[in-house]
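Structure record follows, encoded as structure tokens.
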Amino acid sequence: MSTGKASAIIAAGTMVSRVLGFVKMVLLAVAIGQSTSKAAEAFGMANQLPNNVYALVAGGVMSAVLVPQIVKASKGADNGESYISKILTLGGTVFLVLTIVATIAAPLLVDIYAISAGDDGRGFSDEQMALAVALAYWCMPQILFYAIYTLLGEIYNARSQFGPYTWAPVVNNVVSIAGLGAFILLFGTDRVNKFVDVWDADRITMLGLVTTGGVAVQAIVLVLFFRKTGLRFRLDFGWRGVGLGATGKAALWLFGIVIIGQVKGIVQSRVASLGEGANIATMQNSWYVFSLPHSIIAVSIAIAFFTRMSHHASRDDLSGIRQDVSSALRSVGMLTTISAFVLAVIAVPFSRMLEGGFDPTLAMAFTIWAFLVCLVAFSAEFVLQRVFFALGDTRTAFLYSCVGMFITFALLWWASTLPAEWVIAGTALSVSIANLISCAVWLVLVRRRIGQFGFKLIGLRHVQYLAYSLVAAAAGVATTFALGGYRGDGFGTATVASAAITCVIAGAVMGAVYFGLLYLTRNPDFRTTVDLVLARFRRGRGQSDSAEA
């Protein structure tokens, strides 16, 4: 499968998943509220815990280490089947035990990630802490399902079978949307559910089942489609003799990176729990909005190129890796630059779709703006790190993470000194500044590792993307302003529907201006992308016509 085709499959599935994910996010806000809801803050903490625990143990390890190792194992006589059976057996066993332990330890984990309210009233109240613990008991089983999904997903990716892995989250979101709709019918909206004292066992059970059930179905989809990999799985507890030692060695440094990331996450979560007005739920949803273009664009392109770079690395082909890095960075930059400006322009009406009043809407918009400062750099860093992971070098990434941790701590300390109403936006800005510094360092590290990879051309293209995005942003701001998207009494913030209409119109105007300028100036990256899409469309029509004949 070509890199372009793989990226298109991943992007399409991710886009559908993210759109449905946004619908789920809106329904969750309708059901339990957001910035003015103490219950939403407790749920946000509880639902984040399984992600944090899972990432602590294997989040980055599996994605960065398993693909190169599976590619190498696939060259064996059994096509890597023995290695994969052992990996799945080992991973399933470890994560089953981890899930049980983490579920039992839910009260301790909540206490670690949240600050209890002090004399000044800032932090989680006792009632919020109790609700977060009760919800965490329901959310913790997600650890096992995330592990199954990721283990199987990396096998799909290594074998260039991107479809099931990419589209499984769509099923997750469909299940969650249906469940949240049922929750609203049974228990009402945030007008009632935002208060902690109304949360009885029925509400906790229903929300827990909806949230964890979606993740479970997401994992089951990959189990059902496993035969698409061309492999058979059997339980195999003989974990010696197929290169698991090499996998463990490669994972060791990366495990250190993940630990550092989780330490930073704990500090970030505790700082965020000091916020008022905007809260942890606001920050999580703002991050989701920020990550939309990153997930759809950068991850889709990087995953496809990562598999290709792993093949180049197995042949010691640095020239091929350099070409892949240059192509990936230009493609990612072309699309994330305009995405950042679009989200910045429509941040206020976009936030209105999740918030009830204009002040909470502005608080969320400020948080989104703070995150967007680093969108292009964040996505570029994601691509750059994959160069080292493809080469099996995780030690370098660990050493830099040690330095980056102290930079992040210093910035988060600054955020904690801000007035309570600015803590969340300050935390988001701290994360952005740390990512900007990190991206700059990774550019230098990659150049030293593989040599020159066309940085001058990449830089010139990004300047062009920035200039065109500024022109498009001017048109977008004018459109949003004309529709009342920046006023509390305007059409663009009056209702959820009018806010959505404003976002669509302003986004369409900006897209037309930006891509129009790329077309008129004959930008090579844009033309390559268009040619890819048109070629896929023509092939699709040709296949359809043949089928009808």
### Message
Under a crude label model (7 Å from the Cα following the beta-carbon direction), how far is Leu399 from Phe358 in nanometres?
### Response
5.5 nm
## Note on the structure
The correct ranking of Leu235, Leu343 by accessible area at 1.4 Å, largest first, is Leu235, Leu343
### Summary
Note on region 405-532: alpha-carbon gyration tensor, axes a ≥ b ≥ c; rule is a/c under 1.5 for rounded, else prolate if a/b larger than b/c, else oblate; result oblate
### Task
Would you tell me the accessible area of Asp525, worked out with a 1.4 angstrom probe on the heavy atoms of the protein chains, in Å² to the nearest 10?
10 Å²
### Task
At a 1.4 Å probe radius, which order do Met15, Met206 fall into by accessible area, largest first?
Met15, Met206
### Message
Suppose all protein chains stay in the model; what accessible area per residue would a 1.4 Å probe give for region 260-386, in Å²?
### Response
28 Å²
## Note on the structure
Other residues with Cβ under 13 Å from the Cβ of Lys456 give, with Lys and Arg +1 and Asp and Glu -1, a net charge of +3
### Query
Measuring from label point to label point, each 7 Å out along Cα→Cβ, what is the Ile501 to Thr521 span in nm?
3.5 nm
### Task
Can you tell me the FRET efficiency between Ala482 and Ile266 if r is taken as the Cβ-Cβ distance and R0 is 51 Å, rounded to the nearest 0.05?
0.70
### Task
Grab the other residues whose beta carbon is less than 13 angstrom from that of Gln48, score K and R as +1, D and E as -1, and report the net.
0
### Query
Just how much of Leu470 is accessible, in Å², when a 1.4 Å probe is used and the result is rounded to the nearest 10?
100 Å²
### Task
Return the long-range amide H neighbours of Phe124 (sequence gap of 5 or more, or a different chain), with a cut-off of under 5 Å between placed amide H atoms.
Ile115, Ser116, Ala117
### Task
Report the accessible area of Leu131, computed with a 1.4 Å probe over the heavy atoms of all protein chains in place, in Å² rounded to the nearest 10.
10 Å²
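The values are calculated or read from the model by the stated rules, or taken from the named source; none is laboratory data. Bear in mind that the values here come from a model prediction, so they are computed numbers and not experimental data. Here the Cβ is made from the backbone with ideal geometry for all residues, glycine too, and neighbour counts use every protein chain on show. Note: areas computed on protein heavy atoms with side chains; ligands, DNA, RNA excluded. Shrake-Rupley method; radii C 1.70, N 1.55, O 1.52, S 1.80 Å.
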